[in-house]
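Student: Got a structure for you, questions after.
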Amino acid sequence: MSGFRYEAVDSEGRSRTGVLEADTPRQVRLNLREQGLIAVSVEALSEKAASQGRRWQLRRGLPLSELSLLTRQLSTLLNAGLTIDQTLNALIEQTESQYQRQVLAGVRSEILAGHTLARAMSQYPTVFPELYQTLVQSGEQSGQLSRVLLRLADYMEDRYALRQKVVLAFIYPAVVTFVAIAVVAGLLTYVVPQVVNVFLNTNQPLPWLTRALMGLSSFLRSTWFIWIAIIVIGTWGGRKALKRPDIRYRFHSWLLKLPLVGRLIRGLNTARLASTLAILVGSGVPLLTALQAGVGVLNSYPMRSALEEVVSRVREGGSLSRSLARTKMFPPVMIHLIASGEASGKLDQMLERIATQQTQEMQSRVATLTGLMEPLLILLMGGVVLVIVLAILLPIFEMNQLVH
């Protein structure tokens, strides 16, 4: 039997949609007629998944917030006693997103073909990443799929919240910087020339600060298009260069050496790795598989390379704590807690503690960094404006002295 998605109307003219299992579209129409429904359209899910779902999934994935909500819905429905097929059918009917509907229909088609949920989701790697598939497979093998999906939803929501806090923390400094650059550029290219031209007509010698500011203003007005081209080409070239693994590795290594930024990047990646390993190990995934999945969640190339070395050493029989310590890339507190977890047999609990500790520490560092940036930006902006004002006022002071 195959799955068919139908659209029908009842005796009162209300529209109904859903999914039915049948051998042929004709049988679906007969089944709907027995239920008092008139079929408007009947489409095979397998055909739809092949023609539309696969094409959609090649374009983009789901935002983390939407994927976490979908995961929580899956967990809730499965915990209520519904089968995977019934769960997917319910989600297909209730979702308002055409994209989600196509993906879920494709997954359900794979389920009806006899595949496991993890195997069905593997057909949509841009929607369900490797970590997601690994946890679903673990939940299916252990018979605790709903509990694993619930932990996965919590994990994704925590990760989304952490990302939002970091982004929001840097929005204010970024806005202040942009406004400061725009204001200074406007003063130098428009206000300063208008004011200084008044002094030029007096044929009086101008102070050196005023002459320097006039020269800078003239330079910017005559070369503004060059600077815009440099910024555009530099941005494009930088993004192009960072696509090369060797250049990105060197750039990330340089970032890790910066005093505040390096510690922030290290803490963010450590928290992400610890929370990922905690949910994987706590869900019964073998440590080696969990480490391999953990490599994909690290954004820093040097830290990712170090974790790949850890995977090789653990595969050869080494302990996780000693393998991490040899890389000298992860915080000592993380290594000590992992060693304690390995000795006590409570590795998942220690990883949870590491994730919490690193998240709190990283949030504190973000607050410190943004707290330092805000007054520094204000002082810098104030200093630049002060120089411009002095350059304009000094000729006025000199003219007053000449009058007296």
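The values are calculated or read from the model by the stated rules, or taken from the named source; none is laboratory data. Predicted model, so just to flag it, every value in this text is computed and none were measured. With ideal geometry, Cβ positions are generated from the backbone for all residues, glycine too; neighbour counts draw on all protein chains shown.
Student: Of the residues Q133, Q137, Q164, which is within 30 Å of I378 (Cα to Cα) and free of Cβ contacts under 8 Å to residues at least 60 places away in the same chain?
Tutor: Of Q133, Q137, Q164, the one residue that is within 30 Å of I378 (Cα to Cα) and free of Cβ contacts under 8 Å to residues at least 60 places away in the same chain is Q164.
Student: Filter the range 124-171 for residues that are over 30 Å from V261 (Cα atoms) and of a type in the set (G, A, S); which is modelled with the highest pLDDT?
Tutor: Applying the filter and picking the extreme gives S146.
Student: While we're looking at this one, here's another question. Suppose we filter L260, L273 for residues that are in a helix (DSSP H, G or I), loosely packed, with under 14 Cβ neighbours inside 10 Å and under 25 Å from the mean Cα position of the chain (by Cα); which single one remains?
Tutor: Exactly one residue qualifies, and that residue is L260.
Student: Can I ask one more? Just give me the residues in the range 79-108 being more than 27 Å from the chain's Cα centre (by Cα) and buried (at least 22 other Cβ atoms within 10 Å of the Cβ), in sequence order.
Tutor: T87, N89, R108
For every residue, the table says whether it meets (1) charged (D, E, K, R); (2) over 19 Å from I388 (Cα atoms); (3) over 44 Å from the mean Cα position of the chain (by Cα).
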{"position": "Y190", "(1), (2), (3)": "no, no, no"}
{"position": "P205", "(1), (2), (3)": "no, no, yes"}
{"position": "M214", "(1), (2), (3)": "no, no, yes"}
{"position": "F219", "(1), (2), (3)": "no, no, no"}
{"position": "I233", "(1), (2), (3)": "no, yes, no"}
{"position": "G238", "(1), (2), (3)": "no, yes, no"}
{"position": "R244", "(1), (2), (3)": "yes, yes, no"}
{"position": "W254", "(1), (2), (3)": "no, yes, no"}
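Student: Now for a separate question. Looking for whichever is among the small types (G, A, S), surrounded by fewer than 16 Cβ atoms within 10 Å (Cβ to Cβ) and either touching a helix residue (DSSP H, G or I) at 6+ places or on another chain (Cβ under 9 Å) or assigned to a helix (DSSP H, G or I) (or both) here; the options are A153, A169, A180, A161. Which one fits?
Tutor: Being among the small types (G, A, S), surrounded by fewer than 16 Cβ atoms within 10 Å (Cβ to Cβ) and either touching a helix residue (DSSP H, G or I) at 6+ places or on another chain (Cβ under 9 Å) or assigned to a helix (DSSP H, G or I) (or both) holds for just one of A153, A169, A180, A161, which is A161.
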